[in-house]
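The values are calculated or read from the model by the stated rules, or taken from the named source; none is laboratory data. Here the structure is a predicted model, which means the values were calculated and not measured. Ideal geometry is used to build each Cβ from the backbone, glycine not excepted, and the neighbour counts take in all protein chains shown.
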Amino acid sequence: MKKREAVEMLESRDILSAGRAADELRREMHPDGRVTFVIDRNINYTNICSSRCRFCAFHRDGEGAYVISDEELARKIRETVEIGGTQILLQGGLHPELKIDFYVRMLRFIKANFDIHIHGFSPPEITHIARQGGMDTAAVLEQLHAAGLDTIPGGGAEILSNRVRRQISPRKCTAAEWLDVMRTAHSMGIRTTATMMFGHCETVRERVEHLESIRALQEETGGFTAFIPWTFQPQNTDMAQTPAVGAFEYLKTLAVSRLYLDNIENIQASWVTQGAKIAQVALRFGANDMGGTMLEENVVRAAGVNFRMSIGEIIRVIRDGGFSPAQRDCYYNILAARAPD
């Protein structure tokens, strides 16, 4: 798909044509009719953040601010493992005082006590740690990887346009810095995901430029395992007056993402922001993965969105959508196929 075609499709009201085309490509890329999910938990190790992005309702100063203790971290991971969880999504705010030793010690603590995959530290966090320690990205990644970091989530991408980033997250890493973290990680054999948060101040063309940046890096490195687009949730943020985009725009953008990023194998549905029903529809608009069970999710919930699904509900939604559910790991290896009854 060319940029012009993507822009035209996003500007069109013909959502069904976009969905049919994306579904056809999804069937070509995943002919087995399988939809995957991972049993995981999102652990936010701190909500203290110097970035203070306008779109975020999670960060705190003073009352309610925290840095997770070893005891609390261990409790959360133990609960995850006990129900069959295989990974944790480990992310936090850009704490102005924590140095790399904190992150290295946390990773070593987890690996010393649990056999679990750590999918952690988005590019803004990596960039922040590097700045705090006067280090380059590669040096930070080498230390974190050696301490137990397995893969990196694609958070903090928002829209990879510096015009947009100056408006909504001026203290966070630039678009080029986000891409550089991912390029460096891929060169070291560290796989990552990629994301897009849309529906705030970006233009349709900027959405497509974001997709092009992701596509180009994937052509260069092949390091992205999945792409996850989701909609901005304005409630309780400094951008609360921004009208929230609905399911129509979400599904259309998801479909275009599938078509544009035909060099990334997996596209994830965002039930956390859209709910179970729209996530189920998303499986016919190009998505082949339902993401994580998210035993705990705090960032989106802070913005007033509180969708929840158990493992059984995720399996039922996949089956009712006409697909075969299968539990996966972070590399999309199948751990347990769950065929329909």
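Quick check on the stretch 27-44. Is at least one of its residues more than 19 Å from the chain's Cα centre (by Cα) and of a type in the set (D, E)? It would help to see each step written out before you state the result.
Quick first cut of the stretch 27-44, residues more than 19 Å from the chain's Cα centre (by Cα) only: 27-34.
This time we only want the ones that are of a type in the set (D, E), so: 28, 32.
Within the stretch 27-44, one or more residues are more than 19 Å from the chain's Cα centre (by Cα) and of a type in the set (D, E).
Within the stretch 88-99, can one find any residue that is free of Cβ contacts under 8 Å to residues at least 40 places away in the same chain and touching a Lys or Arg at 6+ places or on another chain (Cβ under 7 Å)? Don't jump to the end; show me each part of the working.
Of all residues in the stretch 88-99, those free of Cβ contacts under 8 Å to residues at least 40 places away in the same chain come to 97, 99.
Pick out the ones that are also touching a Lys or Arg at 6+ places or on another chain (Cβ under 7 Å) and you get none.
There is no residue in the stretch 88-99 that is free of Cβ contacts under 8 Å to residues at least 40 places away in the same chain and touching a Lys or Arg at 6+ places or on another chain (Cβ under 7 Å).
Do the conditions hold for T225, that is, is it on the phi < 0 side of the Ramachandran plot, hydroxyl-bearing (S, T, Y) and touching a Cys at 6+ places or on another chain (Cβ under 9 Å)?
Values: on the phi < 0 side of the Ramachandran plot: yes; hydroxyl-bearing (S, T, Y): yes; touching a Cys at 6+ places or on another chain (Cβ under 9 Å): yes.
Considered against the rule, which asks whether it is on the phi < 0 side of the Ramachandran plot, hydroxyl-bearing (S, T, Y) and touching a Cys at 6+ places or on another chain (Cβ under 9 Å), T225 comes out as yes.
Restricting the search to the stretch 250-273, which residues are more than 21 Å from E219 (Cα to Cα), of a type in the set (A, V, I, L, M, F, W, C) and assigned to a helix (DSSP H, G or I)?
L251, W271, V272 - these are the residues of the stretch 250-273 that are more than 21 Å from E219 (Cα to Cα), of a type in the set (A, V, I, L, M, F, W, C) and assigned to a helix (DSSP H, G or I).
What about V245, is it assigned to a loop (DSSP other than H, G, I, E, B) and either modelled with pLDDT of 95 or more or touching a strand residue (DSSP E or B) at 6+ places or on another chain (Cβ under 8 Å) (or both)?
Values: assigned to a loop (DSSP other than H, G, I, E, B): yes; either modelled with pLDDT of 95 or more or touching a strand residue (DSSP E or B) at 6+ places or on another chain (Cβ under 8 Å) (or both): yes.
Criteria met by V245.
Suppose we filter the stretch 72-87 for residues that are among the β-branched types (V, I, T) and touching an Asp or Glu at 6+ places or on another chain (Cβ under 6 Å); how many remain?
Within the stretch 72-87, the first condition is being among the β-branched types (V, I, T), and the residues that meet it are 77, 80-81, 83, 86.
Now drop any that are not touching an Asp or Glu at 6+ places or on another chain (Cβ under 6 Å), which leaves 86.
The total comes to 1.
Of (1) touching a helix residue (DSSP H, G or I) at 6+ places or on another chain (Cβ under 6 Å); (2) more than 27 Å from H95 (Cα to Cα); (3) not aromatic (F, W, Y), E209 satisfies all except one. Which?
Here E209 clears every test but (1).
Within the stretch 142-175, can you find the residues that are within 18 Å of the chain's Cα centre (by Cα), modelled with pLDDT of 95 or more and in a helix (DSSP H, G or I)?
Matches in the stretch 142-175: A175 only.
Among the residues of the stretch 176-189, is there at least one that is in contact with a strand residue (DSSP E or B) (Cβ under 8 Å, 6 or more places away or on another chain), surrounded by fewer than 20 Cβ atoms within 10 Å (Cβ to Cβ), at pLDDT 95 or above and under 17 Å from V140 (Cβ atoms)?
The initial filter retains those residues of the stretch 176-189 that are in contact with a strand residue (DSSP E or B) (Cβ under 8 Å, 6 or more places away or on another chain), namely 181-182, 185-186.
From the residues that got through so far, the ones that are surrounded by fewer than 20 Cβ atoms within 10 Å (Cβ to Cβ) too are 186.
Checking which are at pLDDT 95 or above leaves us with 186.
Checking the rest, the ones that are also under 17 Å from V140 (Cβ atoms) come to 186.
Checking the stretch 176-189: at least one residue is in contact with a strand residue (DSSP E or B) (Cβ under 8 Å, 6 or more places away or on another chain), surrounded by fewer than 20 Cβ atoms within 10 Å (Cβ to Cβ), at pLDDT 95 or above and under 17 Å from V140 (Cβ atoms).
Where in the stretch 274-341 are there strands (runs of 3 or more DSSP E), lying fully within it, with 2 or more residues that are modelled with pLDDT of 90 or more and in contact with a Ser or Thr (Cβ under 6 Å, 6 or more places away or on another chain)? So that I can check it myself, show each step before the final result.
Working: elements: 289-292, 324-328, 334-337.
Once the strands (runs of 3 or more DSSP E) in the stretch 274-341 are filtered for at least 2 residues that are modelled with pLDDT of 90 or more and in contact with a Ser or Thr (Cβ under 6 Å, 6 or more places away or on another chain), what remains is 324-328.
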